[in-house]
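Asker: So that we are looking at the same thing, I have put the structure below in structure tokens.
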């Protein structure tokens, strides 16, 4: 009897493993939380290239010898202008093109020139607005009249020890670089190159030259902090590994609010639009979905068909979307009878929808090679 029971259990276990095997085989990298988080924040991350012209006084070294013998200098010291270039990262925090970065990336000097390269490869001029040496944060703006994707500072990460974090930025000149690790500690005080930093968050995710000013985010795409420094050696000269530090998101948010007040007093925010809610706010409010435009580059990276739909980057638990089985990584193709071509267009379609109304969404995934079309028409009731 015992042998029979054992045989039945063994067969049952085998069937369970066999049934679960296709699930593992069908796992889609495009739906991984890390991939979706990067897709959400990467369009707002920029590479920053600065040129600073500094003045130096130069003297002929042989002139000092001449003065010892004859009592006077033959030539007056010459003033020369030297151009210094630096690379860094930053990210847009407002659709009008306002950027937060490290102060040491764009610290002011005579004839400061700032060039910003967006994720789509376009390069813009930018100008310095305000900065703070104490927090090592600076506020700059792109000189262009257009709407930019941005990272929302109203929803930041709780910064829990052990949570997965990712550093996004211009590592050693390689734009859109991603490194991954965990949040190792909070409220760290360190000194790097005679600069003292306080209350930083620590991570073992790689922070390289050029990452300074770039975002550190969690798996939901929420801001953890701004990559600021790494410690290669202890004060005693002992080499270290995995010691990167970031300015916490709450400090960044408070500094941005302060910078905006300063800039407004100086008249530098005159005519600029106020920070707007994300254009997907309507669909998020009514149905619990967060959306992002599906660019050609992002479509190729995910293996999706180009030029079709908008990406679903987050689904609120217990929302109408969650109840209908909608998942992160799926694509929204139609809203009622309208094709979903952009997040803004979806928002316009839903503008007249009120609570309690039924809306039909066509959702799924269309692969680039025309295989595995998985589409479903779902009717959701607005909450």
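The values are calculated or read from the model by the stated rules, or taken from the named source; none is laboratory data. Everything numeric in this text was worked out from a predicted model, so none of it was measured. Cβ: placed from backbone, ideal geometry, glycine included. Neighbour counts: every protein chain shown.
Asker: If you scan segment 206-229, which residues turn out to be within 17 Å of residue 185 (Cβ to Cβ), crowded, with 24+ Cβ neighbours inside 10 Å and out of contact with any helix residue (DSSP H, G or I) (no Cβ under 8 Å at 6 or more places or on another chain)?
Answerer: Across segment 206-229, the qualifying residues are 207, 216, 227, 228.
Asker: Residues in segment 325-333: is at least one buried (at least 20 other Cβ atoms within 10 Å of the Cβ), at pLDDT 90 or above, within 25 Å of the chain's Cα centre (by Cα) and in a loop (DSSP other than H, G, I, E, B)?
Answerer: There is at least one residue in segment 325-333 that is buried (at least 20 other Cβ atoms within 10 Å of the Cβ), at pLDDT 90 or above, within 25 Å of the chain's Cα centre (by Cα) and in a loop (DSSP other than H, G, I, E, B).
Asker: Against the condition surrounded by fewer than 20 Cβ atoms within 10 Å (Cβ to Cβ), modelled with pLDDT of 85 or more and not in a strand (DSSP E or B), how does residue 270 come out, does it pass? Talk me through it step by step, then tell me what you get.
Answerer: Working: surrounded by fewer than 20 Cβ atoms within 10 Å (Cβ to Cβ): yes; modelled with pLDDT of 85 or more: no; not in a strand (DSSP E or B): yes.
Spelling it out, it is not the case that residue 270 is surrounded by fewer than 20 Cβ atoms within 10 Å (Cβ to Cβ), modelled with pLDDT of 85 or more and not in a strand (DSSP E or B).
Asker: Look at residue 354 and say whether it is part of a strand (DSSP E or B), surrounded by fewer than 20 Cβ atoms within 10 Å (Cβ to Cβ) and in contact (Cβ under 8 Å) with a residue 12 or more places away in the chain. Write out each step before concluding.
Answerer: Details: part of a strand (DSSP E or B): no; surrounded by fewer than 20 Cβ atoms within 10 Å (Cβ to Cβ): yes; in contact (Cβ under 8 Å) with a residue 12 or more places away in the chain: yes.
It is false that residue 354 is part of a strand (DSSP E or B), surrounded by fewer than 20 Cβ atoms within 10 Å (Cβ to Cβ) and in contact (Cβ under 8 Å) with a residue 12 or more places away in the chain.
Asker: Determine, yes or no, whether residue 311 is in a strand (DSSP E or B) and either touching a helix residue (DSSP H, G or I) at 6+ places or on another chain (Cβ under 8 Å) or closer than 20 Å to residue 38 by Cα (or both).
Answerer: So residue 311 passes the test.
Asker: Can residue 104 be described as outside any loop (DSSP other than H, G, I, E, B), at pLDDT below 90 and surrounded by fewer than 17 Cβ atoms within 10 Å (Cβ to Cβ)? Working first, answer last.
Answerer: Values: outside any loop (DSSP other than H, G, I, E, B): yes; at pLDDT below 90: yes; surrounded by fewer than 17 Cβ atoms within 10 Å (Cβ to Cβ): no.
Answer is no for this residue.
Asker: Here's another thing I want to ask about it. Looking at 99, 129, can you tell me which residue is within 29 Å of residue 190 (Cβ to Cβ) and surrounded by 20 or more Cβ atoms within 10 Å (Cβ to Cβ)? I'd like the intermediate steps shown before the answer.
Answerer: Working: 129 fails: surrounded by 20 or more Cβ atoms within 10 Å (Cβ to Cβ).
So the residue among 99, 129 that is within 29 Å of residue 190 (Cβ to Cβ) and surrounded by 20 or more Cβ atoms within 10 Å (Cβ to Cβ) is 99.
Asker: Please find, among 119, 115, the residue that is part of a loop (DSSP other than H, G, I, E, B), in contact with a strand residue (DSSP E or B) (Cβ under 7 Å, 6 or more places away or on another chain) and at pLDDT 70 or above.
Answerer: 119
Residue by residue, here is whether (1) modelled with pLDDT under 90; (2) not in a loop (DSSP other than H, G, I, E, B) holds:
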residue: 186; (1), (2): no, yes
residue: 190; (1), (2): yes, yes
residue: 201; (1), (2): no, yes
residue: 205; (1), (2): no, no
residue: 213; (1), (2): no, no
residue: 224; (1), (2): no, yes
residue: 235; (1), (2): yes, no
residue: 241; (1), (2): yes, no
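Asker: Further, regarding this structure: What about residue 220, is it on the phi < 0 side of the Ramachandran plot and assigned to a strand (DSSP E or B)? It would help to see each step written out before you state the result.
Answerer: Working: on the phi < 0 side of the Ramachandran plot: yes; assigned to a strand (DSSP E or B): no.
It is false that residue 220 is on the phi < 0 side of the Ramachandran plot and assigned to a strand (DSSP E or B).
Asker: Take segment 362-382 and flag every residue that is in contact with a strand residue (DSSP E or B) (Cβ under 6 Å, 6 or more places away or on another chain), touching a residue at least 60 places away in the same chain (Cβ under 8 Å) and surrounded by 15 or more Cβ atoms within 10 Å (Cβ to Cβ).
Answerer: 365, 380, listed by residue number.
Asker: Moving on. Of the conditions (1) in a strand (DSSP E or B); (2) within 23 Å of the chain's Cα centre (by Cα), residue 299 fails just one. Which one is it?
Answerer: Failed condition: (1).
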